[in-house]
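Engineer: Below is a structure I'd like to ask you about.
The values are calculated or read from the model by the stated rules, or taken from the named source; none is laboratory data. Predicted model only: the values in this text are computed from it and were never measured. Every residue, glycine as well, gets a Cβ built from its backbone with ideal geometry; the counts of neighbours run over all protein chains shown. In case anyone asks, the SASA skips ligands and DNA or RNA and just uses the protein heavy atoms, side chains included. Shrake-Rupley method; radii C 1.70, N 1.55, O 1.52, S 1.80 Å.
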Amino acid sequence: MWIEPCKETECFMKGLQKRNPGQPEFHQAVKEFAETVMPFIQENPRYQKAQILERLTEPDRVIIYRVVWQDDKNNVRVNRAWRVQFNNSIGPYKGGLRFHPTVSLSVLKFLGFEQIFKNSLTGLPMGGGKGGSNFNPKGKSDDEVMRFCHSMMTELSRHIGQFTDVPAGDIGVGAREISFLFGQYKRLRNEFTGVLTGKGLPFGGSLIRTEATGYGCVYFCENILNHRNDSIKGKIVAISGSGNVATYAVEKANHLGAKVVTLSDSSGFIHDPDGIDAEKLAWIKELKEKRRGRISEYVNQFPAATFHQDQRPWGVTCDVALPCATQNEISLTDAKTLIANGVSVVCEGANMPTELEGVYAFQENGVLFGPAKAANAGGVAVSGLEQSQNALRLSWSRAEVDEKLQTIMQDIHAKCVKHGESSKSQPVNYVKGANIAGFIKVADAMIGYGAI
Ligand code: NDP
Ligand code: 2IT
């Protein structure tokens, strides 16, 4: 009997929600994708016949495991960790590890799902995966973080490998954590391979990987503006977050002549009308990377700025907004405020920072909206370049990697325009463009493999 696949997003989503109860973030990510890709699938019945959307939304496998470690007082502590190996049709699984108390299967499935298409957009041979733990690194000593990472890798090492699955950083996982994780992998396997990316420079890391997501996001924003015969130069920019992605987005926005007036963390945001220049940024990097401090401390150092407790920066008037903290940090209300204040471009440095209704509001009001899959792909792209360098046993210069990153972001922009521009007079639908362009490569590979 022929099983008719769903032809409508609504029908498809009903089934997906039933199969995956209690996973709202995963539902949200799939809905945004299915809404734009379903019409394309209908125009190309071979995708429908092969049930590609049904297959793509079911991970290859999910590994769930216990991580036991001891704190500084010798208490035994228990966390849960996951690795979602979503799809390896076009290359080994690739995607970050997140350490945050809010990490759940739903969050990691949304991230892993989006990673499939983001990685496809980069043009590099990388499948999609994501992992992490509900471990909270805040307030933990370096030794505690080390013991947690070593214990986590003891299990994770059975499931990853340079040709199988190559994790990297994400929220709460930076240079310190990647070093602990890599050290333990090397010890367990007696093998020095590019099993992780975002590694330190002395042990196989790539130049520009630290900067890549923030830089790439601003390059993508510049591409969007250039397509409209405009540029970021002289624009007022609001950025959220103050971690890896946010700080390097500030740096590149400054390089290109923009003025960044906000940053934030989970306690609130700072507004500096004079702009966060290179000197202030150096102070923030020291605060965040070395002292692991809070963004509120900025106003003690730079009194012209103000701190707004428990608020997000979207009420500040800006031309460009770059959400670089976490998922669902721009609500419909925030989007309406940004629109009312005249924002012209929103580019997602974080993953799924805009609620779906917010995305629709931006699009309906002519705001150029660069979705995460495209706009923050620079990080994983340079991870891919790190893998290439590891395989070749050599290191490229800063300039070489930066040039490749810029080319990749330009190519992604061109793919979005190809599949998302209906006419020259209409704004490009970057959501549609990114989803369809990312989908085609993965779907064609899957069809080639047969019913797997
Ligand atoms: P970091 O851990 O370096 O920084 C995260 C920042 O976001 C911190 O300022 C943090 O504040 C804030 N934040 C985290 N959770 C919340 C929350 N629930 N509410 C408010 N603020 C929050 O992470 P990254 O900069 O690496 O990641 C930021 C975003 O970019 C994430 O969405 C990530 O998935 C995405 N991304 C990261 C890439 C990378 O290469 N690192 C690549 C592509 C995307 P606080 O310290 O108070 O928690
Ligand atoms: O969301 C992301 O793309 C990342 N956290 C980076 C993944 C990677 O493998 O570099």
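Engineer: How much length is gained on full extension from Gln42 to Glu58, taking 0.36 nm per residue of separation minus their Cα-Cα distance?
Structural biologist: Details: separation 16, 0.36 × 16 = 5.76 nm, distance 2.02 nm.
Between Gln42 and Glu58, full extension yields an extra 3.7 nm.
Engineer: Moving on to the next point. Under a 1.4 Å probe, what is the accessible area of segment 386-452 per residue, stated in Å²?
Structural biologist: Details: 3520 Å² over 67 residues.
Solvent-accessible surface per residue comes out at 52 Å².
Engineer: Points 7 angstrom from Cα along the Cβ direction at Lys14 and Ser423: gap in nanometres?
Structural biologist: 3.6 nm
Engineer: How big is D for segment 343-452, in µm² s⁻¹ as a whole number, if Stokes-Einstein is applied with the Kirkwood radius of its Cα pairs at 37 °C and 0.692 mPa s? Present the calculation step by step, with values, prior to reporting the outcome.
Structural biologist: Numbers: Rh = 15.7 Å.
Answer from the Stokes-Einstein relation: 209 µm²/s.
Engineer: Quick one: which residues, 5 or more positions from Val173 or on another chain, have an amide H under 5 Å from its amide H? H modelled 1.01 Å from N in the peptide plane, none for Pro or chain starts.
Structural biologist: Distant-sequence amide H within range of Val173: Phe99.
Engineer: Are there trypsin sites (Lys or Arg not before Pro) in segment 351-452 that DSSP puts in a loop and that have at most 13 other Cβ atoms within 10 Å, and which ones?
Structural biologist: On the way: sites: Lys373, Arg393, Arg398, Lys404, Lys415, Lys418, Lys424, Lys432, Lys441; in loops: Arg393, Lys424.
Sparse-neighbourhood loop trypsin sites (Lys or Arg not before Pro): Arg393, Lys424.
Engineer: Something else: How much length, in nm to one decimal, is gained on full extension between Lys73 and Arg292, taken as 0.36 nm per residue of separation minus their Cα-Cα distance? Could you put the intermediate results ahead of the total?
Structural biologist: Details: separation 219, 0.36 × 219 = 78.84 nm, distance 2.14 nm.
Difference between extended and current length: 76.7 nm.
Engineer: Shifting gears a bit: Over the heavy atoms of Cys11, what accessible area does a 1.4 Å probe trace out, to the nearest 10 Å²?
Structural biologist: Looks like 60 Å² after rounding.
Engineer: For segment 225-322, rounded, prolate or oblate, judged on the Cα gyration tensor with a ≥ b ≥ c (square roots of eigenvalues), a/c < 1.5 rounded, else prolate if a/b > b/c? It would help to have the intermediate numbers written out before the result.
Structural biologist: Numbers: a/c = 1.91, a/b = 1.55, b/c = 1.23.
Note, shape of segment 225-322 comes out prolate.
Engineer: Pick out, from Thr210, Trp396, Pro167, the residue whose Cα sits farthest towards the positive end of the charge dipole of the chain, with +1 on the Cβ of Lys and Arg and -1 on the Cβ of Asp and Glu.
Structural biologist: Pro167
Engineer: Kindly write out, for segment 350-360 in residue order, the coupling ³J(HN,Hα) from the Karplus curve 6.51 cos²θ - 1.76 cosθ + 1.60 (θ = phi - 60°), rounded to whole Hz, with x marking Gly and Pro.
Structural biologist: With the stated coefficients, segment 350-360 comes to 7, 8, 6, x, 9, 5, 3, 5, x, 4, 4 Hz.
Engineer: Enumerate the amide H contacts of Val260 below 5 Å, restricted to partners 5 or more residues apart or on another chain; note that Pro and chain-start residues carry no placed amide H.
Structural biologist: Excluding prolines and chain starts, which carry no amide H, the hits are Val237, Ile276.
Engineer: Let me ask you something else. For segment 1-159, what is the Kirkwood hydrodynamic radius in Å, using each pair of distinct C-alpha atoms?
Structural biologist: Numbers: mean 1/r = 0.0582 Å⁻¹.
About 17.2 Å for segment 1-159.
Engineer: Under the definition of Cα pairs under 8 Å and six or more residues apart, what whole-number percent is the relative contact order of the chain? Don't skip to the answer; put the middle values down first.
Structural biologist: Details: 924 pairs, mean separation 68.1, N = 452.
For the chain, the relative contact order is 15 percent.
Engineer: Do any cysteines of the chain lack a neighbour Cys whose Cβ is under 4.7 Å away, and which are they?
Structural biologist: So far as the 4.7 Å Cβ criterion goes, Cys149, Cys217, Cys318, Cys324, Cys416 stand without a partner in the chain.
Engineer: Return the inverse of the average 1/r over all pairs of distinct C-alpha atoms in segment 1-86, which is the Kirkwood hydrodynamic radius, in Å to one decimal. Spell out each step's value before the answer.
Structural biologist: On the way: mean 1/r = 0.0647 Å⁻¹.
Kirkwood hydrodynamic radius for segment 1-86: 15.5 Å.
Engineer: So if R0 is 30 Å, what FRET efficiency would Thr102 and Ala278 give, r being the distance between their Cβ atoms, rounded to the nearest 0.05? It would help to have the intermediate numbers written out before the result.
Structural biologist: Working: r = 33 Å, r/R0 = 1.09.
About 0.35, to the nearest 0.05.
Engineer: Next up: Classify segment 396-452 as rounded, prolate or oblate, taking a ≥ b ≥ c as the square roots of the eigenvalues of its Cα gyration tensor: rounded when a/c is under 1.5, otherwise prolate if a/b is larger than b/c and oblate if not.
Structural biologist: Details: a/c = 4.12, a/b = 1.13, b/c = 3.66.
Because a/c hits 1.5 or more and a/b fails to exceed b/c, segment 396-452 counts as oblate.
Engineer: Can you give me the long-range amide H partners of Lys94? Hydrogens built in the peptide plane at 1.01 Å from N, cutoff under 5 Å, separation of 5 or more residues or another chain.
Structural biologist: Hits under the 5 Å cutoff: Gly127, Gly128, Gly129, Val166.
Engineer: To continue, here is another question. Accessible area of segment 140-222 with a 1.4 Å probe: how many percent of it is carbon plus sulfur?
Structural biologist: Working: 1600 of 3050 Å².
Looking at segment 140-222 in its full context, I get 53 percent from C and S.
Engineer: Could you list, bin by bin from short to long, the percent of Cα-Cα pairs of the chain in 10 Å steps?
Structural biologist: 4, 22, 32, 27, 12, 2, 0, 0
Engineer: At a 1.4 Å probe radius, carbon and sulfur cover how many percent of the accessible area of segment 294-380? Each step should come with its number before you reach the end.
Structural biologist: Working: 1410 of 3070 Å².
So the carbon and sulfur contribution to the accessible surface is 46 percent.
Engineer: Whole-Hz Karplus ³J(HN,Hα) for segment 380-390, in order, using 6.51 cos²θ - 1.76 cosθ + 1.60 and θ = phi - 60°, x for Gly and Pro?
Structural biologist: Values, residue by residue: 5, 4, 6, 4, x, 5, 5, 4, 4, 5, 4 Hz.
Engineer: Taking the Cα centre of the chain as the origin, how large is its charge dipole in debye, to the nearest 20, when only Lys and Arg (+1) and Asp and Glu (-1) carry charge on their Cβ atoms? Each step should come with its number before you reach the end.
Structural biologist: Working: 52 positive and 48 negative charges, 239 e Å.
My answer is approximately 1140 debye.
Engineer: Sticking with this one: Please give, to one decimal in nm, the separation of the simple spin-label points placed at Gln406 and Thr333, each 7 Å out from Cα toward the Cβ.
Structural biologist: 4.2 nm
Engineer: Across segment 51-64, in residue order, what do the Karplus-derived ³J(HN,Hα) couplings come to in whole Hz, using 6.51 cos²θ - 1.76 cosθ + 1.60 with θ = phi - 60° and x for Gly and Pro?
Structural biologist: 6, 4, 5, 5, 6, 5, 8, 10, x, 4, 6, 10, 9, 10
Engineer: List the trypsin sites (Lys or Arg not before Pro) within segment 185-260 that DSSP assigns to loop and that have no more than 16 neighbouring Cβ atoms inside 10 Å. Don't skip to the end; give the middle numbers.
Structural biologist: Numbers: sites: Lys186, Arg187, Arg189, Lys199, Arg209, Arg228, Lys233, Lys235, Lys252, Lys259; in loops: Lys199, Arg228, Lys233, Lys235.
Of the trypsin sites (Lys or Arg not before Pro), the ones in loops of segment 185-260 whose Cβ has at most 16 other Cβ atoms within 10 Å are Arg228, Lys233.
Engineer: How much accessible area does Glu364 have with a 1.4 Å probe, in Å² rounded to the nearest 10?
Structural biologist: 150 Å²
Engineer: Still on this structure, I have one more. Per residue, how much accessible surface does segment 5-57 expose to a 1.4 Å probe? Answer in Å², no decimals. List each step's numbers first, then the result.
Structural biologist: On the way: 2570 Å² over 53 residues.
Counting only protein heavy atoms, the per-residue value for segment 5-57 is 49 Å².
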